[in-house]
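Notes follow once the structure below has been shown.
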Amino acid sequence: MKLIFYLSVGACLLLSSAIAKDPVSFEREVLPLLEHRCNECHHPEDSQGGLDLTRVATILRGGDDDGPAAIPGNPGESPLVLRVTGETKPRMPKKEEPLPDHEIDLLKRWVAEGARDDTPEFSQEDLTFFEKEIRPVLFTHCFKCHAGKDPESGLMLSSRYGILAGGNRGPVVIPGDPEQSFLLSAVRHEGVLKMPKGGDKLSEEKIASLEEWIRRGLPWPSDEKVLTREKLFTISDADREHWAFRPLPTSAGSIDTILEKRWQAEDLEPAPSADRHRLLRRVSYDLIGYPPTPEEIANYINDDSPGAFEKVVDRLLSSDLYGTRWGRHWLDYTRNGANGQQNRGPEMLPARYAKWVTDCFNQDVPYDWFAQTHLAGDLMPGRDGSGYSIDLALAAAVPLNGARTFQNAATETFALMDKLDEGVEFMGRSLMGISLECARCHDHKFDPISQRDYYALLGFFQSSWFGPVPSDTKSPAEAFAAVERERELLQEKAHFDGLIRVEATRISSHGGELRNRWMKERQGFLKPWDKRLMELEVAVLQGELKASADKKLKLDIQTAIDERELNLSDFKQRFFDVRSLKEIGYQIGGHKSEIGLIVRSEKLGLIDLQKELSTWKERFETERLEWWERHRFGSFRKGDPEVEQLTKWDDEVVKIDAELEKLRAARIVVRCEGGLRRAEELAEFAAEAKADKRQFYPDLVPAWFGDARLLDRGDVMEPRELIPRGFPTFFGGEQTHIDEKSSGRLELAKWIITQDSTQSALVARAAVNRMWLHLFGEGLCRSPKELGRLGEIPEMPELIDALAVKLIKSGWSKKSVIREIVISNAYQQSAITESKQDPANRFFARQNVRRLEAEPIVNTMTWIGEGRRDGNLLGEVHYLSHFDPPTTDDLIEKRVASIAPTQALFLMNQPTATQKVASDLVRRLKLDSLELPDCLDVIYESVYQRHPTDSELTFAREFIERRRSQVEKSITTEEISEFIQLLLCSNELIYLE
Amino acid sequence: MMKRRQFLKQTCSASGIVAASSGWGAEAVPSTQLHHPGKVKSVIFYYCRGGPAQGHTFDKPKKMLDPELHPFQFQKSGQSGLEISELFPELQKVADDLCIIRSGYGAKATHAEGGQHIFSGTSALKASLGAWLLYGLGTGNANLPGHVVLTGRVPGDNWAKSDGAIHGGARSIGAGGLPPSLQAQVIRDLKNPIENLTSPLDSAATQERWLSELAELNTHFSGRHPDVAELNSRTASFRTAFRMQSAAPEAFDLSKEVENPSIRKRYGLDPLPTRSTGTKLLLARRLVERGVRFITVPSMTVPSLGGGQGDWDTHTPVQLRGVTPNLCRACDHPLAGLITDLKERGLLEQTLVIWGGEMGRGDKGFLNHNGDGFTWWMAGGGVKAGTAYGATDELGFTAVENPVHVRDFHATILWMAGLDYRQLKFKGIGLEESCKLAQGIIS
């Protein structure tokens, strides 16, 4: 966009200079050039050097140093020209590229032609009209986008020349001719383009004023050429009236009443209730992620009492499997509660976090409290009254657990910024259901969130990081002290290491000569070792060649042997250093996925070879340690008289290491107070470290608290002013008192659930919308991560509001709202519909047919095969991977349900898939001892949780008899098993209806 | 508002996700309406993980601030005289087939986001380029995946240090908001590219019967929900799977190919540094011959000449001197071989070969991540061969002449396949409006 704008300005300038006939226009040519190149520093509010280059009058008056900036008719002596050509020093603009020749030419020509001002003069009446009617309209409705250096669509409405120049779509105003002016048709909403975009449509009076203004020829004040040099964030009525930003109603009607009213209005016929078998299956999967057991089916089917279904629901909600199922939904909004393994960060115990989440759901802890823990759990007391809880501190680390790398977060500002950005993103998307992170680079284009708001929030996260605390920490203060102690120890260690490094290099004379000499001499010593090792490798390869049956593999091995034998025939040893010795260790002993020679020889049964390799491994390891020592002690060994001082220092390091190790053994990495310093403040610490001869580690400076800087375009290389920590303007914008040694996250956590606030309403709306999603397969608002104006507008916001009110009134009890939804008639409807209306089911006049997610599919298989319902997915990774498991990369909006032949291949052909489950079921229920009709009934009940229909029975019998006639046997378990397998591959198994 | 059934009907026929709704194949090859005649039927993308430095490869800087950072020479190559780094002696020989685009910009200068952006940042749907192409062209072979990523090392390759991966992970090669089945299928194990291809049933006939039985069983359920299209798609996916059992092993079987010494030589299957890359590009050619639409081959981590290892993320002089030559070595010969091979087989006209990473290098620090200037080259598929398009500034950091935005690359590639970025839409959402065609690279 920026580029396009400049290009168009550039093209405009080029064009004008090409046509040399017309006199140069100050307003349309010179002023834009000056604005682009000079006036960031030379405008009325900031006239550096006393120079204001926005008006001809002030140009002729000039600044403090050079006198008049332009001498009409005499470009050769005009400071304006001399400064940009560099003939007068310093060249202007300062610290920027010099002006291109054609721009300089333009200025010269304008001065040569007499430095004339061609701006039209307007009458006082016109100017009053502008001030009264036009200025407020421009400020309130246009400058959110069409101002500043990078105006939307290249159109700058904050200056007369900008309006005359038009935007990417061409000219927008023909002065004097309103009907031909594109601007007017846009604000009248006549064409495709309707302005102001996303804002309130202008009133008829305002439109009439604009029309009049154009007719009068765009009157503009002569002393204020540019009304604003930045975009102006504004909040419109349309923002305030957006469904998700409105205040919640005070009371809530029942779900069914609200729906029925809408169905009537839309002329929709609701589906009948689902039959009991299918309803039980649905509610069982939805609440605990498992199908019902035969006993549960029987109990419900035979229960004629009026509250039979409620009984089922209450049983399910009190099952521990409820927490597993709904906790899993929560993990989806937390990037799978992932840890830093993939992004090289600290291990933050995802399994422990998941267990805690499960418990929270089972105990139905108030959701407002639960949400708060994810911002400031490390600063909150535990629910048991303890002063500090590791689990809460882990929850508070969740905003850090995104896919962006931790690597270099301490040293590279952009890595840190990206990491912190994930915190704001999590808070917006997962807790509030809005896209706060969009305001990182510019004011939010759709929602009332300014860029300043973003950085006000970022400050909370910037003042926090993670650190290790003892598992028995009693208070936030203790946790803070523990983190600081660790940093201190590491600092001290860095101090001694630095001393050792510098001194060792000095001892080693001439920057390491002794050390190099030692290394060089040692190469020769190692030559026979190296050669022997290669011989041993060839021996292993030869063993593998003999053992291998694969023709292609044999060829590969032979090539490898040939290469090595060629080398051995005229042996050139490799060059050794500490690193290559380490790699040799891997080569012999293995490392990660690399299988070592020892294991390879062991597999081949070459015991002698294995033994010899083991001794070599030890030898090389001893050698490596010596190398490391010689390197550290400037070619000497620790304790040698030459390195007495170094030895003392190293003893200190050993002590520190021991303490660190002891501390770490009892520590857990969690969220903690105190962030990393802002990049621009690191210099002094770096200098201090340098003076101290120690390595500088930006993450080891003492914990830091402070505000974030606004970054121009979100770019860490462009820091601007500090933005005090606080809350977005739209949500009240109040500043909050934050202690000097505090991140303020506790205040943030309190703020987000402030009673009767817009933000707490959002938190409630986001939560209930997701509940609906998990119970109907679609949310009431179908963009659950984006309830803001960019998201989809729900058909029934009143239902979301009602549920949100219920959630808050119940004391934020998720279970109670889930219960209310599930026992509504709406939930219990059948998914079958005769009606062809509302094909996308936006009004939920029926239930949806939906595929089970990965975990319930796995659950189903373990339940059918093993009769186990314990929520344990271990060992089923294979299954999970085929059915769209959650990713750790993202805050999941809704699970996808892909259909791929790889799934079919897996189910049909993988022996441990349906084949195993089917035969397990036969064995478990002793199906081979049953007569066929009974057997089929049991199978249908186990697999589909219902009885077979007559036509299904016929189908099943035919299936089985077809196979029996082939093998001429009366009964075998194989046909039964094969039939079960068919059911396990069927659609009904993994679709809920 | 469009009705759902109508919508499904439309999207299915326009998208190549016909009955099976699957990138792996479909019940029938769709008769897709191209928006205009296009040459490209398939794309092979050699992805340089980490962001290659244009100044070391295909964009010789006009001015060098620090010669330490520019140890490699460039030579004018071919009739066209394209300047190509000495690290690519084989590609220099096919210079007249290349179209080097030196004015890429609009990349994101961090790896994960950069990867996602360069592959899938051109639409609000966040669908990858491969998914869009497959969606637009439809499947070219009902029995094979339409969108594939080839990773892995051949047995015996202990030179390469990784299997190859794409920055940004699944999202970079995903379907985004397009039907999930358009996402890339990642081949991880070159010996066993697709799992579970062996049926426990004794014959194809038995399996055919089994499939009809499954279809019949499923009608009990789908009969209750005639409007739910997914149900039939899923039934059909079993049939596709069945056909894949025979088609996939054939497509991925290289045994005949590797017996041919000239193929071994052409793709560099014998020297260690080119062995795995050559194998993957050879596989890619086989998949192209069989109608696969989009194949990505990500570069692998390689050993450094000075010890250690690395990928294209070369930040320091030590890295660039140690790693860059090996990275180039790994792909130079096989890529040149691929281009020659495609040409001889008459496939180059319909196959677009692309080389490039998620960003360029330059700007502050000279070897830093850089989104304002990067170089890709293309061959085949109707690009203007033997040309260089666009240019960076003096230092080679910022695209200044004929700049091509990431989204313009996508629009242009799709255009060459006969797809108009303004018309290609799913649920009313298409590519970004600001896409422009880089007309200058189309012949």
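The values are calculated or read from the model by the stated rules, or taken from the named source; none is laboratory data. The structure presented is a predicted model; accordingly, all values stated were derived computationally and were not measured. Using ideal geometry, Cβ is built from the backbone for each residue, glycine included, and neighbour counts are taken over all protein chains shown. With ligands, DNA and RNA removed, areas are computed over all heavy atoms of the protein, side chains included. Shrake-Rupley method; radii C 1.70, N 1.55, O 1.52, S 1.80 Å.
A few comments on the model shown:
- The test for being away from chain B (no Cβ under 13 Å), out of contact with any strand residue (DSSP E or B) (no Cβ under 8 Å at 6 or more places or on another chain) and closer than 17 Å to B:GLU213 by Cα does not hold for A:SER951.
- Options A:SER810, A:SER824: the member that is touching a residue at least 12 places away in the same chain (Cβ under 8 Å) and either over 24 Å from the mean Cα position of the chain (by Cα) or on the phi < 0 side of the Ramachandran plot (or both): A:SER824
- Test: residue in the stretch B:318-328 that is assigned to a loop (DSSP other than H, G, I, E, B) and either free of Cβ contacts under 8 Å to residues at least 24 places away in the same chain or touching a helix residue (DSSP H, G or I) at 6+ places or on another chain (Cβ under 8 Å) (or both): yes
- The stretch A:547-583: number of residues that are of a type outside the set (Lys, Arg), within 12 Å of chain B (Cβ to nearest Cβ) and under 21 Å from A:ARG619 (Cβ atoms): 7
- Matching residues, the stretch A:811-840, being surrounded by 19 or more Cβ atoms within 10 Å (Cβ to Cβ) and either more than 23 Å from A:VAL313 (Cβ to Cβ) or small (Gly, Ala, Ser) (or both): A:ALA826, A:ALA831, A:THR833, A:ASP838
- Considering only residues in the stretch B:154-172 that are touching a Leu at 6+ places or on another chain (Cβ under 9 Å) and more than 24 Å from B:LEU197 (Cα to Cα), the one that is nearest to the other protein chains (Cβ to nearest Cβ) turns out to be B:GLY156.
- Among the residues listed as B:LEU419, B:LEU437, the single one being over 17 Å from B:PRO61 (Cβ atoms), open to solvent by less than 10 Å² (accessible area, probe 1.4 Å) and in a loop (DSSP other than H, G, I, E, B): B:LEU419
- Residue within the stretch A:896-904 that is touching a helix residue (DSSP H, G or I) at 6+ places or on another chain (Cβ under 7 Å), more than 8 Å from chain B (Cβ to nearest Cβ) and buried (at least 18 other Cβ atoms within 10 Å of the Cβ) present: no
- Checking the stated criteria, A:SER284 turns out not to satisfy the condition of being in contact (Cβ under 8 Å) with a residue 12 or more places away in the chain, in contact with an Asp or Glu (Cβ under 8 Å, 6 or more places away or on another chain), of a type in the set (S, T, N, Q) and closer than 28 Å to A:PRO448 by Cβ.
- Count of the stretch A:520-573 residues which are open to solvent by 30 Å² or more (accessible area, probe 1.4 Å) and in contact (Cβ under 8 Å) with a residue 60 or more places away in the chain: 5
- Among all residues of the stretch A:370-391, there is at least one that is touching a residue at least 40 places away in the same chain (Cβ under 8 Å), touching a strand residue (DSSP E or B) at 6+ places or on another chain (Cβ under 9 Å) and open to solvent by 20 Å² or more (accessible area, probe 1.4 Å).
- Against the numbered list (1) more than 13 Å from chain B (Cβ to nearest Cβ); (2) farther than 30 Å from A:CYS781 by Cβ; (3) modelled with pLDDT of 90 or more, A:LYS916 comes up short only at (1).
- Which numbered condition A:VAL763 fails, given (1) of a type in the set (Val, Ile, Thr); (2) more than 23 Å from A:TYR333 (Cα to Cα); (3) modelled with pLDDT of 95 or more: (2)
- Top-ranked residue of the stretch B:233-251 - restricted to ones that are open to solvent by 20 Å² or more (accessible area, probe 1.4 Å) and at the interface with chain A (Cβ under 9 Å from one of its Cβ atoms), ranked as farthest from B:VAL288 (Cα to Cα): B:THR235
- From the list A:GLU133, A:GLU97, the lone residue that is of a type outside the set (A, V, I, L, M), in a helix (DSSP H, G or I) and open to solvent by 50 Å² or more (accessible area, probe 1.4 Å) is A:GLU133.
- Yes/no for A:PRO468 being buried (at least 19 other Cβ atoms within 10 Å of the Cβ), touching a residue at least 12 places away in the same chain (Cβ under 8 Å), within 30 Å of A:ALA665 (Cβ to Cβ) and in contact with a helix residue (DSSP H, G or I) (Cβ under 8 Å, 6 or more places away or on another chain): yes
- Enumeration of residues in the stretch B:184-204 that are touching a residue at least 40 places away in the same chain (Cβ under 8 Å), closer than 29 Å to B:ALA131 by Cα and assigned to a loop (DSSP other than H, G, I, E, B): B:ALA184, B:LEU190, B:PRO193, B:ILE194, B:LEU197, B:THR198
- Condition broken by B:LEU178, with the remaining ones in (1) over 18 Å from A:ARG895 (Cα atoms); (2) assigned to a loop (DSSP other than H, G, I, E, B) satisfied: (1)
- Residue ID - farthest from the other protein chains (Cβ to nearest Cβ), chosen from residues in the stretch B:83-139 that are among the small types (Gly, Ala, Ser), out of contact with any His (no Cβ under 7 Å at 6 or more places or on another chain) and part of a loop (DSSP other than H, G, I, E, B): B:GLY138
- The single residue among A:LEU106, A:LEU82 that is over 46 Å from the mean Cα position of the chain (by Cα), of a type in the set (A, V, I, L, M) and within 22 Å of A:GLY50 (Cα to Cα) turns out to be A:LEU82.
- Within the stretch A:919-942, tally of residues that are open to solvent by less than 10 Å² (accessible area, probe 1.4 Å) and within 14 Å of chain B (Cβ to nearest Cβ): 3
- Residue check, B:THR151 within 12 Å of chain A (Cβ to nearest Cβ) and of a type outside the set (A, V, I, L, M, F, W, C): no
- Checking A:GLY733 against (1) within 19 Å of A:ILE449 (Cα to Cα); (2) crowded, with 21+ Cβ neighbours inside 10 Å, the condition it does not meet: (2)
- Residue within the stretch A:787-799 that is closer than 30 Å to A:GLN903 by Cβ and not hydrophobic (A, V, I, L, M, F, W, C) present: yes
- Long-range neighbours under 8 Å by Cβ, at least six apart or interchain, first residue under 11 Å from B:GLY156 (Cβ atoms) and assigned to a helix (DSSP H, G or I) within the stretch B:261-281, second small (Gly, Ala, Ser) and open to solvent by 30 Å² or more (accessible area, probe 1.4 Å): B:ARG275/B:GLY156
- Single condition A:PHE480 does not satisfy, out of (1) within 19 Å of the chain's Cα centre (by Cα); (2) under 18 Å from A:SER743 (Cα atoms): (1)
- Considering residues of the stretch A:346-362 that are touching a residue at least 40 places away in the same chain (Cβ under 8 Å) and surrounded by fewer than 20 Cβ atoms within 10 Å (Cβ to Cβ) only, the residue farthest from A:PRO468 (Cα to Cα): A:ASN362
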